[in-house]
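Notes follow once the structure below has been shown.
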Amino acid sequence: MLELHFRASVLSGVVLAAALFGAAAAFADEAPTPEVGAVDALQALFGKHPGFRANHAKGVVLEGTFTPTAEAAALSKAALFAGPATAVVRFSIAGGNPDVADNDPGNPHGMAVQFTAADKSEVDMATLSTKTFPVASAADFRDFFLAIGATKPDSPKPTPIEQFLGAHPAALAWVKAMPATPASFASETYYGLDASALSRRTAR
């Protein structure tokens, strides 16, 4: 059982794995060169917002208590399942816009949790509301946002983002399978994803 008590704020020290896409945002006048990194690509698309993350900029932090069931101890010897643990949770919305609406469509949501067990050991968990991760490398992650930023209302067809999705069928499937905005972050389903494992599977 995970009981969460609201603590407050749009910032968190909890580490959350980067996820993709954000709400519609004003594009930069000049697209960054292909050599820029993922953070640069995100900031070119969403702008720079000092004090906020480059991705999943908007979020809320909660504190709570995690109480494992009696059956958990029989499945694992981890200290986390030996008794109650404190939990710091950050629910977030993907993208670099800290003012994005909570119900803006097309945004996967994140839930990052840091558990601290009674023996002071820590367990970190980063999850997303999507069942898969759309790309298998940091370069593709960067190029996804470069393509979004390079796509303008008057861009000739196929647009940069259409070209990217056409060359990356997994990313296209991910976009099409974007879950609807839930009534509450607390009732949403979250999945633990491993982009590194995806990369290894893709290489084989």
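Just a yes or no: is a residue in the range 86-103 in contact with a Ser or Thr (Cβ under 8 Å, 6 or more places away or on another chain), crowded, with 16+ Cβ neighbours inside 10 Å, of a type in the set (D, E, K, R) and closer than 19 Å to Leu193 by Cβ? Checked against the condition, which is being in contact with a Ser or Thr (Cβ under 8 Å, 6 or more places away or on another chain), crowded, with 16+ Cβ neighbours inside 10 Å, of a type in the set (D, E, K, R) and closer than 19 Å to Leu193 by Cβ, the range 86-103 yields at least one hit.
Could you name every one of the helices (runs of 4 or more DSSP H) located completely within the range 91-204 that has at least 3 residues being within 25 Å of Lys48 (Cβ to Cβ) and within 18 Å of the chain's Cα centre (by Cα)?
Values: elements: 138-150, 160-167, 169-176, 195-203.
So the answer is 138-150.
Which residue out of Phe27, Phe6 is within 19 Å of Asp143 (Cβ to Cβ) and modelled with pLDDT under 90?
Values: Phe6 fails: within 19 Å of Asp143 (Cβ to Cβ).
Only one candidate qualifies: Phe27.
Taking the condition in contact (Cβ under 8 Å) with a residue 24 or more places away in the chain, in contact with a Pro (Cβ under 9 Å, 6 or more places away or on another chain) and assigned to a loop (DSSP other than H, G, I, E, B), does Gly83 pass? So Gly83 fits the description; yes. Contact map, the range 67-78: residues that are on the phi < 0 side of the Ramachandran plot and assigned to a helix (DSSP H, G or I) paired with residues that are modelled with pLDDT of 90 or more and surrounded by 10 or more Cβ atoms within 10 Å (Cβ to Cβ), Cβ distance under 6 Å, separation 6+ or inter-chain. Pairs shown: Ala72/Phe81; Ala73/Phe81. Of everything listed in (1) in contact (Cβ under 8 Å) with a residue 24 or more places away in the chain; (2) more than 19 Å from Ser129 (Cα to Cα), the single unmet condition for Pro105 is (2).
Checking each residue in the range 70-91 for being among the polar types (S, T, N, Q) and modelled with pLDDT of 95 or more picks out only Thr86.
The values are calculated or read from the model by the stated rules, or taken from the named source; none is laboratory data. This one's a predicted model, so the numbers in the text were calculated from it and none came from an experiment. Methodologically, a virtual Cβ is constructed for each residue, glycine included, from the backbone with ideal geometry; neighbour enumeration extends over all protein chains shown.
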